[in-house]
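Report on the structure given below.
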Amino acid sequence: MKKEVYDIIVCGAGPAGAEFARYVTENSKYSVLVLDRTDKIGYPAKSTAGTTKEFLDEFKIPKSVYVSKLNSAVIQGPNETSTHPYDGYVLDFAKFKKFLVNEAIKNGAKIIIKADVTKPIIENNKITGVEYTKNGKIYSTYGRIIVDATGPSAVLAKELGLVKFTSNEHLVGIEYEMNNLKLEQQDAMIFKFDRNLAPGGYSWIFSTGKNKARVGICWVSEFFKAERGKGSQIEHLNHWIKTDNRLKSGKILETHGGDAFYELVKQKSTDNFLAIGDSASCIHPTTGEGIRPGLYSSMFAAKTAIEALDRKDTSASQLKKYDKKWNETIGKNRKLILFATKKLYELSNKQYDKFVANTGKLDSETVKRFMNYQTTLKDALKLYPFFS
Ligand SMILES: Cc1cc2nc3c(=O)[nH]c(=O)nc-3n(C[C@H](O)[C@H](O)[C@H](O)COP(=O)(O)OP(=O)(O)OC[C@H]3O[C@@H](n4cnc5c(N)ncnc54)[C@H](O)[C@@H]3O)c2cc1C
């Protein structure tokens with residue numbers, strides 16, 4: 001029997017994979033197969049899902065997936081606070097993903113759920129397909145271009161040696177969806193840096209309506225293990241809730257959790273292969289923002305894939321145009337941002353207050369560069385107490 005070969009196989013229907021499939025099917029006639037291991041598209045809704053209005057407009061994301069409007073970003077240390085204007089929204093993460101997947105399906109993409117991708121199929125040293133299991137059976141499927149969008153599992157990118165994903169660059173987070181809170185700011189995304197609450201990370205409150213919010217903490221798994229003693233992440237989160245007047249009265253409606261790696265990925269593509277979103281570590285290490293950079297990586301990679309298929313050339317040298325575009329834009333100052341983030345997680349509480357006070361003195365252009373992943377060494381020197 002002649003084997004079926006798709007033009008593109010996308011592994012993972014999270015925001016990055018779904019947007020990649022949507023973009024390709026909207027802008028070309030190429031056949032797209034999407035595989036995801038979940039049994040229900042959109043779930044689990046692991047993300048706080050705060051993002052900017054500008055980004056949502058650019059990617060034409062409808063208001064029906066928004067939960068709340070955000071007007072400010074608040075940065076807090078143990079004692080200091082700085083407040084900045086922020087034009088953004090919190091999304092219903094599951095609805096957002098379902099919207100992208102449904103668009104791709106409407107445009108002709110085929111999706112298989114409960115399909116757990118286990119390994120790449122390699123022929124003549126190049127990936128030509130993937131193996132997946134569904135209902136206990138093993139299947140093989142083939143494509144001209146294979147896309148890893150499996151998020152932190154990076155099941156193909158790891159196997160192809162493009163990412164390592166070690167525990168000292170592993171961000172782990174947990175959050176509660178809450179109501180009945182006593183919030184001073186009803187339309188804010190609040191980041192709090194305090195070693196007593198989240199050693200080696202930070203905590204947050206993202207407003208989802210009047211006295212409602214997503215409240216969580218995340219940290220790098222290897223940092224400050226000793227300082228945390230036996231306290232698990234959920235114990236730390238519960239401790240914060242018990243001791244913060246804004247949160248004490250809150251009722252927990254749901255729990256979300258997940259992880260990401262913030263590695264410096266030198267190469268996100270190779271022969272017949274592209275890695276996007278969290279499987280290629282596109283997440284912003286300081287803020288944990290992964291949706292916006294993930295979708296930009298999808299768009300850059302999808303444009304590259306269409307051009308490669310048009311030229312009938314899916315070699316590494318053709319597909320590395322995606323890496324080039326990433327490195328010229330969002331990835332431009334990545335090394336510095338990674339270095340500065342690692343240092344940030346090591347600060348003492350006194351230094352956190354200094355850091356927060358410094359963020360309050362930043363001019364709007366510097367904030368804009370930070371938001372757009374363009375932080376320069378000069379900007380970092382203004383922000384970080386350990387540099388001065
Ligand atoms: C607690 C928390 C809060 C966050 N808050 C924000 C926020 O406020 N704003 C923001 O921008 N970002 C936030 N993020 C980050 C953001 O959610 C991620 O960066 C984003 O979801 C990455 O998208 P992705 O598509 O690359 O990967 P994922 O969302 O991880 O999607 C991967 C998909 O691949 C599938 N998959 C995995 N392995 C396999 C396999 N072997 N076979 C088949 N399918 C597979 C999964 O089922 C999933 O559908 C947060 C993350 C966490 C954990």
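The values are calculated or read from the model by the stated rules, or taken from the named source; none is laboratory data. On a predicted model such as this, the values are computed, not experimentally measured, just so you know. Methodologically, a virtual Cβ is constructed for each residue, glycine included, from the backbone with ideal geometry; neighbour enumeration extends over all protein chains shown. Each accessible area value is taken on the protein alone, full model and side chains, heavy atoms only, with ligands, DNA and RNA left out. Shrake-Rupley method; radii C 1.70, N 1.55, O 1.52, S 1.80 Å.
Note on LYS110 and ASP187: their simple-model spin labels are 4.8 nm apart, each label 7 Å out from Cα toward Cβ.
For VAL34, the residues 5 or more places off, or on other chains, whose built amide H falls under 5 Å of its own are VAL10, LYS110, ILE111, ILE112.
For segment 138-240, calculate the relative contact order in percent as a whole number, restricting contacts to Cα pairs under 8 Å that are 6 or more residues apart. Value for segment 138-240: 27 percent.
Overall, the accessible surface of segment 303-388 at a probe of 1.4 angstrom is composed of carbon and sulfur to the extent of 56 percent.
Please compare each pair in LYS242/LYS350; LYS248/LYS368; LYS119/LYS212 to a cut-off of 32 Å on the Cα-Cα distance and tell me which ones are over it.
On the way: LYS242/LYS350 23 Å; LYS248/LYS368 34 Å; LYS119/LYS212 42 Å.
Result: LYS248/LYS368; LYS119/LYS212 exceed 32 Å.
Since only PHE99, GLY360, LEU295 are under comparison, the one whose Cα sits farthest along the positive direction of the charge dipole of the chain, derived from C-beta charges on Lys, Arg, Asp and Glu, is PHE99. Between the DSSP loop rule and a limit of at most 16 other Cβ atoms within 10 Å, which GluC sites (Glu not before Pro) in segment 287-388 are left? Answer by residue number: GLU346. Across segment 108-113, rounded Karplus estimates of 3J(HN,Hα) from the backbone phi angles (6.51 cos²θ - 1.76 cosθ + 1.60, θ = phi - 60°) give x, 6, 9, 10, 10, 9 Hz, Gly and Pro being marked x.
Across every pair of non-identical alpha carbons in segment 298-388, the mean reciprocal distance, once inverted, gives a Kirkwood radius of 15.3 Å. Solvent exposure of the chain, expressed per residue, is 44 Å² of accessible area, with all protein chains present and a 1.4 angstrom probe.
Shown here for segment 153-201: GluC sites (Glu not before Pro) in loop regions (DSSP other than H, G, I, E, B) with at most 11 other Cβ atoms within 10 Å, namely GLU184.
With Cβ to Cβ distances under 9 Å as the rule, what net charge do the other residues near THR366 carry (K, R +1; D, E -1)?
Working: positive: LYS368, ARG369, LYS378, LYS382; negative: ASP363, GLU365, ASP379.
Net charge in that neighbourhood comes out at +1.
Surface composition of segment 36-83: carbon and sulfur make up 47 percent of the accessible area, probe 1.4 Å.
Under the classification rounded if a/c is under 1.5, otherwise prolate if a/b is larger than b/c and oblate if not, where does segment 149-233 fall, given a ≥ b ≥ c as square roots of the Cα gyration tensor eigenvalues? Since a/c reaches 1.5 but b/c is at least a/b, the shape of segment 149-233 is classed as oblate. Can you pull a Stokes-Einstein diffusion coefficient for segment 220-295 at 37 °C (0.692 mPa s), Rh from Kirkwood over Cα pairs, as a whole number of µm²/s? In µm²/s, the coefficient rounds to 211. The SER249 and ASN196 beta-carbon pair, evaluated with R₀ = 25 Å, returns a calculated FRET efficiency of approximately 0.75. Taken one residue at a time, the phi angles of segment 355-361 give Karplus couplings (6.51, -1.76, 1.60, θ = phi - 60°) of 4, 5, 4, 5, 5, x, 9 Hz. Gly and Pro are set to x. Filter LYS95/LYS158; LYS137/LYS321; LYS158/LYS325 down to the pairs with a C-alpha to C-alpha distance above 26 Å, please. From LYS95/LYS158; LYS137/LYS321; LYS158/LYS325, over 26 Å: LYS95/LYS158; LYS137/LYS321.
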